[in-house]
Amino acid sequence: MKRYKNILKVLFISLSTIALSACTSPSTGNNNLPDTVTPAGNVSGSNDSGESADASNEGTASSNEDSTQSEVASGDNSTTDVTGDDGTDASASAATSTTVYKDPISNSEPVKDGYLNIVFLGDEQFLTGTSEGNTIPDLMVNRFDDPTIYNLAIKDTMGAIPRSQTSTDPSAYKEPGFTAMAHVLAGDIKISAFGDKVSQEVATTCSKINVKTVDYYVIGYGYHDYYNGVEASNESNPEDEHSLHGAIVTGIKILQEVSPNAQFIICSPYYCRFYDDKGNDIGDAFSVTKGLTTLAVYANEAVLAADDVSNALTLPAISGTLFDLNGHTYSQYLESDGLTMNLKARRIYSDVLARIIKYHLGFIGIDEANMTITIADYN
């Protein structure tokens, strides 16, 4: 019996040491994909537990990926608030007491617990295909070995706060834009404060997130900032939440307080075309303004926001360099409205996004990460 107790004691100490070491992660500087990301060394593409770490499938797709939903965190009817009835944080920043740590996915895994946790924050670009189970977040499930994906995208939302909002006190947020949702995840705002502007599914998904274990936040705003005519940037105040640039910077800094090891991937708006009420083509993202400037300027400011924060990667979707969506190919990527990505486009987008993460994890090199995917050659 004494020997049994001693074994249990040693086992408990060993597990405690492993758990503490698994929660530590070296800091990583600002990383822009084309130039400054440094891949991790000594990564073979598979982890020590024998699980496949390199699930690269650019140009191909799993036969059942277009209907998968099983591994994307989705809502049920059990929870509506991140904050519990007793005023404590019920989930968003609460550590899971039954976590079982695994070997890190790679030396560059942001949170070295062996689990790949990805949170999407953005507008309806991450919601297209919801009913079929093939949104961009859905499709990311097949790009990695057993990831957990949380989709907090909300239709018609901006990165910036409205001009009518004159205070940035948590009680002043009435719209669930980027900085508001950052405050929700930080435990500063109850998600129920936004009423029916946030779906039950998003509210419940939000309640399942442990912010301390998030590896990557994927941020995709800008189109509605452009459409509503808010500022793209404020040169005198790079953290002005009334501008897209400033809101992205501020929102990331809020999230870094509760997710200090996380990496952030800032996705710019992608190329699109515009039509008048009669269906006539009136121009594209580089030529049409909705009051202040073109969508291309907003896209550029979203990418430039990465320069004002640490641990930020970028997906410059409007550039045409990572996938060839442009003035010649848009009809192959977009639905007839000139704005909505079709399924093939979403598959390509998810491949590009997966490559950025794989590059950061050290699974692929710079040449593969920056290779342009062409829709004509994509199967």
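When a footprinting reagent is the concern and you count Cβ atoms within 10 Å, what order do Phe286, Phe274, Phe264 take, fewest first?
Arranged by neighbour count, lowest to highest, Phe286, Phe274, Phe264 become Phe286, Phe274, Phe264.
What is the distance in Å between the Cα centroid of the stretch 249-299 and that of the stretch 201-231?
Answer, in whole Å: 14.
Pull up all non-local amide H partners of Tyr221: gap of 5 or more, or a different chain, and H-to-H distance under 5 Å with H placed in the peptide plane.
So Tyr221 has HN proximity to Cys267.
Taking only pairs that are 8 or more places apart or on different chains, how many Lys pairs in the stretch 106-224 have Cα atoms under 24 angstrom apart?
The result is 12.
Can you put Met371, Met158 in order, fewest other beta carbons within 10 Å first?
The order, fewest Cβ neighbours first, is Met371, Met158.
Residue by residue through the stretch 236-252, what is 3J(HN,Hα) from phi via Karplus (6.51 cos²θ - 1.76 cosθ + 1.60, θ = phi - 60°)? Round to whole Hz and write x for glycine and proline.
The phi angles translate into 7, 8, x, 10, 5, 5, 7, 10, 4, 4, x, 5, 5, 4, 5, x, 5 Hz.
Taking 0.36 nm per residue of separation and subtracting the Cα-Cα distance, what length does fully extending Glu201 through Tyr227 add?
That works out to 6.8 nm of additional length.
Spelling out what I want: for every residue of the stretch 221-228, take phi, set θ = phi - 60°, compute 6.51 cos²θ - 1.76 cosθ + 1.60 (Karplus), and round to whole Hz; glycine and proline get x.
Once rounded to whole Hz, the list reads 10, x, 5, 6, 5, 4, 4, 8.
What is the extension gain from Glu235 to Glu368, computed as 0.36 nm multiplied by their sequence separation minus the C-alpha to C-alpha distance, in nm to one decimal?
Extra length from Glu235 to Glu368 when fully extended: 44.4 nm.
Treat the count of other C-beta atoms within 10 Å as a stand-in for reagent exposure and order Tyr217, Tyr298 from fewest to most.
Tyr217, Tyr298
Would you mind giving the three semi-axes, in whole Å and largest first, of the ellipsoid equivalent to the stretch 246-353 according to its Cα gyration tensor?
Here the semi-axes work out to 29, 17, 11 Å.
Using θ = phi - 60° and the Karplus form 6.51 cos²θ - 1.76 cosθ + 1.60, what ³J(HN,Hα) does each residue of the stretch 115-126 get, whole Hz, x for Gly and Pro?
Coupling constants for the stretch 115-126: 10, 9, 10, 10, 10, 9, 10, x, 9, 6, 4, 9 Hz.
What length, rounded to one decimal in nm, is gained on full extension from Glu257 through to Val288, with 0.36 nm per residue of separation minus their alpha-carbon distance?
7.4 nm
Amide H neighbours of Gln263 under 5 Å, counting only residues 5+ apart in sequence or on other chains, H built in-plane at 1.01 Å?
For Gln263, whose amide H was placed from the backbone, the distant partners under 5 Å are Tyr216, Tyr217.
Amide H of Val288: which non-local residues (sequence gap of 5 or more, or other chain) have their own amide H closer than 5 Å, using H built in the peptide plane?
Leu295
Throughout, read-outs are computed from the coordinates displayed, never taken from laboratory work. Here the structure is a predicted model, which means the values were calculated and not measured. Backbone-built Cβ (ideal geometry, glycine too); neighbour counts: all protein chains shown.
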